[in-house]
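The values are calculated or read from the model by the stated rules, or taken from the named source; none is laboratory data. Quick caveat, the model's predicted, so the values are computed rather than measured. We place every Cβ from the backbone using ideal geometry, glycine too, and count neighbours over all the protein chains shown. Ligands, DNA and RNA are stripped out before the accessible areas are found, and what is left, the full protein with its side chains, is counted by its heavy atoms. Shrake-Rupley method; radii C 1.70, N 1.55, O 1.52, S 1.80 Å.
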Protein chains: 4
Amino acid sequence: MKVYQIGNEAGIDALTLVERPEPKPEYGQILVRVRAVSLNYRDLIIVESNRTDSNSHVIPMSDGAGEVVAVGVGVTRVKVGARVAGTFFQDWVSGNINAKVMKSAMGGEIDGMLAEYVTLNQNGVVLLPNHLSYEEGATLPCAAVTAWHALVTKGNLKAGETVLILGTGGVSIFALQFAKLHGARVIVTSSSDEKLERAKALGADDTINYKTTPNWEEAVYRLTDSTGVDHVVEVGGAGTLQKSIKAVRYGGYISLIGVLTGFGGEINPQPILGKSITLQGIYVGSREMFEAMNRAIAHHQLKPQIDRTFSLSEAKAAYQYLKSGSHFGKVVIQL
Amino acid sequence: MKVYQIGNEAGIDALTLVERPEPKPEYGQILVRVRAVSLNYRDLIIVESNRTDSNSHVIPMSDGAGEVVAVGVGVTRVKVGARVAGTFFQDWVSGNINAKVMKSAMGGEIDGMLAEYVTLNQNGVVLLPNHLSYEEGATLPCAAVTAWHALVTKGNLKAGETVLILGTGGVSIFALQFAKLHGARVIVTSSSDEKLERAKALGADDTINYKTTPNWEEAVYRLTDSTGVDHVVEVGGAGTLQKSIKAVRYGGYISLIGVLTGFGGEINPQPILGKSITLQGIYVGSREMFEAMNRAIAHHQLKPQIDRTFSLSEAKAAYQYLKSGSHFGKVVIQL
Amino acid sequence: MKVYQIGNEAGIDALTLVERPEPKPEYGQILVRVRAVSLNYRDLIIVESNRTDSNSHVIPMSDGAGEVVAVGVGVTRVKVGARVAGTFFQDWVSGNINAKVMKSAMGGEIDGMLAEYVTLNQNGVVLLPNHLSYEEGATLPCAAVTAWHALVTKGNLKAGETVLILGTGGVSIFALQFAKLHGARVIVTSSSDEKLERAKALGADDTINYKTTPNWEEAVYRLTDSTGVDHVVEVGGAGTLQKSIKAVRYGGYISLIGVLTGFGGEINPQPILGKSITLQGIYVGSREMFEAMNRAIAHHQLKPQIDRTFSLSEAKAAYQYLKSGSHFGKVVIQL
Amino acid sequence: MKVYQIGNEAGIDALTLVERPEPKPEYGQILVRVRAVSLNYRDLIIVESNRTDSNSHVIPMSDGAGEVVAVGVGVTRVKVGARVAGTFFQDWVSGNINAKVMKSAMGGEIDGMLAEYVTLNQNGVVLLPNHLSYEEGATLPCAAVTAWHALVTKGNLKAGETVLILGTGGVSIFALQFAKLHGARVIVTSSSDEKLERAKALGADDTINYKTTPNWEEAVYRLTDSTGVDHVVEVGGAGTLQKSIKAVRYGGYISLIGVLTGFGGEINPQPILGKSITLQGIYVGSREMFEAMNRAIAHHQLKPQIDRTFSLSEAKAAYQYLKSGSHFGKVVIQL
């Protein structure tokens, strides 16, 4: 079978497409014919960082969906023919995150999904909602679960509350969709008026172009009657965090989302105290969250926003496209 | 000014419309020209029960809305001209319910709103959402806050969860509207196909006529893939509670809503244990809940469902109409 | 190996001690040499009820502790030589209870621990705190986890709150110990002054003999300045529940604990509403709760209260002794 | 009456003791004969910062206790003769913090307690536990409520969890005492072995001298089996925060406590994300928290740790002493 592996050297160009023998499902495992994968910024960072010893030749990419084509002994949770997506953390079923969970992240600590066939533990998958294609299902494991964890599981978002969402990448667009499902008011920022128009079409109540409005935190304040927003989905990094802290209300909530090595810069923690803010690091989520989210997605026939789809042989181009930052929603590769 | 008072004897006929001097706002109080009141089943029970010593001559009805026409010394929270609704419990601003709060319920423990003018403490009112008339605003203090408290504050309702709502009275219809705001799936029961049609028009996903389907709890089970619902809004009493317990999932949640003396019959508590159910008595809610709810109502321009409006002189007819049980949503009296 | 099995007919006398081949651990399983088991009231009910078809020949008793003597392929969580206790629900690691979890209760739905050797899934055990003997460790899976779940996980018990504990059986004594660990005030009821003395020695702040004080709920009220307690650990059944509802404060919390078929009688649900009470059915708990509890037990070198220890051949006498109700704390069988 | 006021210029020396007429309680107010006040680091910062226009001549110090000597019209919550402490935020009864609450902080935004007599709104006081002197009671409003809010209200601290407490100032020692009340394990850091001994005497399980162990975060890690602590009470500032983030477990909780202008330096927010940490700014708390805390203090006859007591005329010396940092627990002034 065809499979990509991370190179000995850093960089997208070091990715190689190789032929490997098709894996066999062991006790408790299932064999999945992968049909689509989706890219996250973390995938890019992993490929670009030089961590030769730890993840050279690892199969990249955490997010994928496909069909169960065989099951090992002892498998009771899924059947051959089932349409599934893998969970980002293979060992996080429910409960709290811990050190063991951290070691089970696909496409980094362990092999990922950019292969025609993968074996996964039966506990490491969820059923896809019926109305979703494999491409759409492949967008969920990292970005969608992160957004759900931040706003719904931890954030307890309620109708009438206001959410500030930075940008229009994968997590941000899912956050917009889930916030609207829960009746919240949503403010979106971007540097592109065209993307802001698309966010409005998805339900954004207010939009701010942070290029033409560099003091966007003040614009947010004005939009909330000088109170500040209840939640911020913060994907920007240290630079935007200072402004997000200004844009949130007393006692408000900021979900810190990003990538393990991509959050540069420093912030002054004093205003976190002065405004009694909760700053919550969100790193994807559990299978239990994924299943609760899928129930909502299925009930509302919600469609993930796919920006562009590449073929398997174009995988490097897909990475380059993500790196360019011009996407709105998710970038997908079909297998 | 004209004001109704509860009679020395029990019964709707003992209500009397009398003339009283207009009250004056004392320190921290506001004077409200009441423009509309709404009826709850509790109001009926209070009038029909013979509690002569405790509430004879009390002004009935907890729910009303009007205009602030004067303020006493020390009032800073509201201004003359403000459009307000009173809070059911005059002493429940936020935090937990307690014995002191219980003594501040309007139209029972203390005077209510069925009068042309009332004085209220400045802390005992909320501003009406701009898009609501006085009649619509008057429907909120008891029924809407109860539904919000049950499903949102305590219930932490999330998109994709399933809510079973019994009946189509005031609390039930608000519960339906709030559940839909939060992206939940809603199943409504009623004995009237016509009312079920109206519930569907408001967003109910599934409906069950409990007259033609006496084993409605089994129908609920089938509608939820034999899992049971996540939440039940239980307004029926001991008779329906047994069935609600059957209709809820393991670890599910039942909000027990009703009226202080109107919940007859007995239940076997064993299945509450066997299914790990949380049974939560909900008795209206705090001003903080009311304000959070109003924010959602304002954002969504949500309209309360008024069944029928009576004039002040027809107050007894309004009580009779509520007693007949033929209403869908709220019964209102204009002043 | 020697193993007890439930008889074809109902009753303690139908229990039989038989010889069976020693089981072998399959993939992911461990083989445990059981050293001690402890009895719960549920074990008695299962043996006494005539459920021939469903659990005849099932190995009884959910609670046991022993040494890991062999591990199957794929076992990474425990090592040979580890001292472990089984979890009551073999399939409840963390998260919410559900229908699948309910089918994994040992000593009822599946085989239990009253055998010299048992095989368990590696996920179905916890490590014993070092300071505990096997006898002490065997008391934890059902009674202790139930008490922890009720007061700590769900109850969020805080220092200074008041807990009412009915009786001095297994769950009640653990509830007393855990409540004291969290700085709560504890009131214990019993019909025996001698048992109340022992409860005092374990830290009970106040005790009430419900035989000499039949209106014990009024005594509780007086002890709490006519406010009522914050939490009730309700193990009595419908009869005591009416009184517990009277003894709890507005907005208070009652944990309903008991056995699946042993909670006779009916109650009027009206006061649950009138006092805004939360009535929470508690049915043991997850492994995650068990582990959190063990951490507290280890830190405080807390000792479970063992009332009496029987030998394997005296198992029927142990059941009879539990049935007599004269125990204080737990009844244990050594193997 | 004698009263201190903040000077026109910055600095402790600019504090002046002046004579003012005794205030009279207006509607809803009480007159308190202050008997003791306690110092917080915030008091020092306010006096030392040059904020002439905003709080010159304001009466300093948020924390005080005394006797109610007169009540205004409309006072029902407290009686003449009651022993009370004021709440730090006069307008925070319960619920969430907000902009209005922030404007009601005594000794800064509004007059404080360093006066022989003060008038307070009846809602801005709590009753002192009977076993506490006025000096002890005066230590509670800021430091103790902050520690309770962090660990108990927000932190939901449970027995067996591990808490890391930085330093031995007012908040830290209360945090130590409250953590022990809830059965937690406590690790305390200090630069003084003598203070660490005193912390041990109050129940600290482990202590670390950060002078002799500059990499104290690694020592913490070793003490927790390389897992990290569950909670950190972070009072140090940006410098220690980096280490605290290393010392906490995945998914752990850091309470950020300090003073509005005293939290210098910057931190890299990336590890907050990488470890899924919750960083929670804690700024004192509500009256509801204060009352819950007092219940625990009363039940356990817990004694605040007073380091040294000064007379009214020595107030400047008290500020100097706090500034020196040599205290363990609270610094008090008697009136």
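Annotations
- Failed criterion for A:GLN301 (all others in (1) in contact with a Gly (Cβ under 7 Å, 6 or more places away or on another chain); (2) on the phi > 0 side of the Ramachandran plot hold): (1)
- Scanning region D:157-178 for residues that are within 14 Å of chain C (Cβ to nearest Cβ) and more than 14 Å from the chain's Cα centre (by Cα) gives D:LEU157, D:LYS158, D:ALA159, D:GLY160, D:GLU161, D:THR162, D:VAL163.
- Residues that are in a helix (DSSP H, G or I), under 24 Å from C:ASP307 (Cα atoms) and open to solvent by 40 Å² or more (accessible area, probe 1.4 Å), drawn from region C:185-229: C:ASP193, C:GLU194, C:GLU197, C:ARG198, C:LYS200, C:ALA201
- Failed criterion for A:SER286 (all others in (1) under 17 Å from the mean Cα position of the chain (by Cα); (2) on the phi > 0 side of the Ramachandran plot hold): (2)
- Of the residues making up region D:4-13, not a single one is closer than 20 Å to D:LEU140 by Cβ and in contact (Cβ under 8 Å) with a residue 40 or more places away in the chain.
- Exactly one residue among A:ASP63, A:ASP13 is closer than 20 Å to A:GLN320 by Cα and open to solvent by 20 Å² or more (accessible area, probe 1.4 Å), and that residue is A:ASP13.
- Total residues in region C:302-320, condition farther than 20 Å from C:ALA199 by Cβ and either within 14 Å of chain D (Cβ to nearest Cβ) or of a type outside the set (Asp, Glu) (or both): 11
- Selection from region B:287-301 of residues that are more than 7 Å from chain A (Cβ to nearest Cβ) and either more than 13 Å from B:LEU140 (Cα to Cα) or open to solvent by less than 10 Å² (accessible area, probe 1.4 Å) (or both): B:GLU288, B:PHE290, B:MET293, B:ILE297, B:GLN301
- Whichever residue in region A:314-330 is part of a loop (DSSP other than H, G, I, E, B) and out of contact with any helix residue (DSSP H, G or I) (no Cβ under 8 Å at 6 or more places or on another chain) and, among such residues, is farthest from A:GLY11 (Cα to Cα): A:SER326
- Region D:280-335: number of residues that are of a type in the set (A, V, I, L, M, F, W, C), in contact with a strand residue (DSSP E or B) (Cβ under 7 Å, 6 or more places away or on another chain) and either under 21 Å from D:ILE165 (Cβ atoms) or in contact (Cβ under 8 Å) with a residue 24 or more places away in the chain (or both): 14
Quick grid of which residues meet (1) among the aromatic types (Phe, Trp, Tyr); (2) in contact with a strand residue (DSSP E or B) (Cβ under 6 Å, 6 or more places away or on another chain):
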{"position": "D:HIS57", "(1), (2)": "no, yes"}
{"position": "D:ASP63", "(1), (2)": "no, yes"}
{"position": "D:GLY66", "(1), (2)": "no, yes"}
{"position": "D:GLY72", "(1), (2)": "no, yes"}
{"position": "D:THR76", "(1), (2)": "no, no"}
{"position": "D:ALA82", "(1), (2)": "no, yes"}
{"position": "D:ALA85", "(1), (2)": "no, yes"}
{"position": "D:PHE89", "(1), (2)": "yes, yes"}
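- Within region A:132-161, the set of residues being within 20 Å of C:GLY95 (Cβ to Cβ) and not in a helix (DSSP H, G or I) comprises A:GLY155, A:ASN156.
- Some residue of region C:136-153 being touching a Lys or Arg at 6+ places or on another chain (Cβ under 9 Å), under 25 Å from C:LEU335 (Cβ atoms), surrounded by fewer than 24 Cβ atoms within 10 Å (Cβ to Cβ) and not β-branched (Val, Ile, Thr): yes
- Residue check for D:MET102: open to solvent by 10 Å² or more (accessible area, probe 1.4 Å) and touching a strand residue (DSSP E or B) at 6+ places or on another chain (Cβ under 7 Å): yes
- Subset of region D:242-256 that is of a type outside the set (Phe, Trp, Tyr) and outside any helix (DSSP H, G or I) - its residue that is modelled with the lowest pLDDT: D:LEU256
- Test: residue in region C:41-49 that is touching a Gly at 6+ places or on another chain (Cβ under 9 Å), surrounded by 19 or more Cβ atoms within 10 Å (Cβ to Cβ), charged (D, E, K, R) and modelled with pLDDT under 95: yes
- Single residue of D:GLY265, D:GLY239 found to be open to solvent by 10 Å² or more (accessible area, probe 1.4 Å), part of a loop (DSSP other than H, G, I, E, B) and of a type outside the set (Ser, Thr, Tyr): D:GLY265
- Residues satisfying the stated conditions in region C:185-222, i.e. within 14 Å of chain D (Cβ to nearest Cβ) and either touching a residue at least 40 places away in the same chain (Cβ under 8 Å) or farther than 22 Å from C:ILE257 by Cβ (or both): C:ILE187
- Selection count, region B:107-132, where residues are closer than 15 Å to B:GLU22 by Cβ and acidic (Asp, Glu): 2
- Boolean, B:LEU181 is within 25 Å of B:ALA296 (Cα to Cα), surrounded by 18 or more Cβ atoms within 10 Å (Cβ to Cβ) and within 13 Å of another protein chain (Cβ to nearest Cβ): yes
- Some residue of region B:249-257 being open to solvent by less than 50 Å² (accessible area, probe 1.4 Å), within 9 Å of chain C (Cβ to nearest Cβ) and over 21 Å from the mean Cα position of the chain (by Cα): yes
- For region C:68-113, the candidate set comprises residues that are of a type in the set (Val, Ile, Thr) and part of a loop (DSSP other than H, G, I, E, B); within that set, the residue that is nearest to the other protein chains (Cβ to nearest Cβ) is C:ILE97.
- Condition met for A:GLN122 (under 20 Å from C:GLY28 (Cα atoms), in contact with a Ser or Thr (Cβ under 6 Å, 6 or more places away or on another chain) and not acidic (Asp, Glu)): no
- Number of positions in region B:268-313 that are part of a loop (DSSP other than H, G, I, E, B) and closer than 23 Å to C:ILE272 by Cβ: 10
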